[in-house]
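Visitor: Once you've had a glance at the structure underneath, I'll fire off some questions.
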Ligand code: 13P
């Protein structure tokens, strides 16, 4: 355990946490994080707060201060079910907005209000209305990576973990899928329904190149390639398994294979390495980093708990309609 000028008592207090994360957080970084980790963990108890962190968050957030971690679907369920009065959302804006929609009587804090989602910005409520006018009678299935206003124009939401199941649950032969064209094509390949796609995309997943994956597969012939359905179809064609971020965690844990090439945002590698110290994980491209997911720091979380701001609020008219679409998704049976 590293020691320097940092208060010994604080280091002592958080020592068990460092034992857990020392395979993913270098020794030299720990004295920087330790005082914030200790302060956040005290303050969240005092404020009756729960900290939710997406799988892409940094390891010091994910492993040292988060109470609940997971993919978009898991975190939506947690946000809907928590009995804590304050939810601190370490992720991006649309995730905190979903928490505010699902738990309207709670205080939802987003430590970095500037953590957006470029794909969510690629679709507007007006755009969805126009598409509905052009294609009347087709239900609109909207990926949770979208604004509350877009959800409010939709019939049901989905995440990468349940998209095919949600679409197949609908009593319709044709559907409109918004906003991710890559997830849309993946769904279209796994359903008999005719799919009309919005042309949005996640810039981080969309950047991954076939040559990068092929190179990684050639260098590591004993590895399996796991890909997120937000990757383009030509990347998914190379995948041994396609799933959400938490789906990757489950798959790796159960697998006898020791090496994996990971086709999603780099943050998930910390979780995978910490949970599977005997397995190796390879990122096929240095471009797999979402700048928005990397904005939140421990300092931001501490400040937001101290000031109880910034809060995410959704106007009541939008919120009520958006809640229907999220509730419908959460009601679709899971495994
Ligand atoms: P998950 O639904 O797998 O958590 O993915 C979230 C996401 O934003 C993908 O880019």
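Visitor: I'd like to know if segment 75-88 contains one or more residues that are closer than 19 Å to residue 275 by Cβ, surrounded by 24 or more Cβ atoms within 10 Å (Cβ to Cβ), under 12 Å from the mean Cα position of the chain (by Cα) and at pLDDT 95 or above.
Guide: no
Visitor: Just checking, does segment 210-227 include any residue being within 16 Å of the ligand (Cβ to nearest atom), within 15 Å of the chain's Cα centre (by Cα) and under 20 Å from residue 75 (Cβ atoms)?
Guide: For segment 210-227, residues within 16 Å of the ligand (Cβ to nearest atom), within 15 Å of the chain's Cα centre (by Cα) and under 20 Å from residue 75 (Cβ atoms): absent.
Visitor: I've got another one for you. Quick check: is even one residue across segment 129-143 closer than 30 Å to residue 58 by Cα and assigned to a helix (DSSP H, G or I)?
Guide: Within segment 129-143, not a single residue is closer than 30 Å to residue 58 by Cα and assigned to a helix (DSSP H, G or I).
Visitor: Could you run through segment 145-175 and say how many residues are within 13 Å of the ligand (Cβ to nearest atom), in contact with a strand residue (DSSP E or B) (Cβ under 7 Å, 6 or more places away or on another chain) and assigned to a helix (DSSP H, G or I)?
Guide: Residues in segment 145-175 being within 13 Å of the ligand (Cβ to nearest atom), in contact with a strand residue (DSSP E or B) (Cβ under 7 Å, 6 or more places away or on another chain) and assigned to a helix (DSSP H, G or I): 1 in total.
Visitor: Given the options 51, 68, name the one that is within 22 Å of the chain's Cα centre (by Cα) and surrounded by fewer than 21 Cβ atoms within 10 Å (Cβ to Cβ).
Guide: Every option except 68 fails the conditions.
Visitor: Could you please let me know if residue 244 is more than 16 Å from the ligand (Cβ to nearest atom) and outside the structural domain of residue 70 (by TED's automatic domain parsing)?
Guide: No, not satisfied.
The values are calculated or read from the model by the stated rules, or taken from the named source; none is laboratory data. It should be emphasised that the depicted structure is a prediction, and the values quoted were computed from it without experimental measurement. Because the Cβ atoms are built from the backbone with ideal geometry, glycine has one as well, and the counts that use them run over all protein chains shown.
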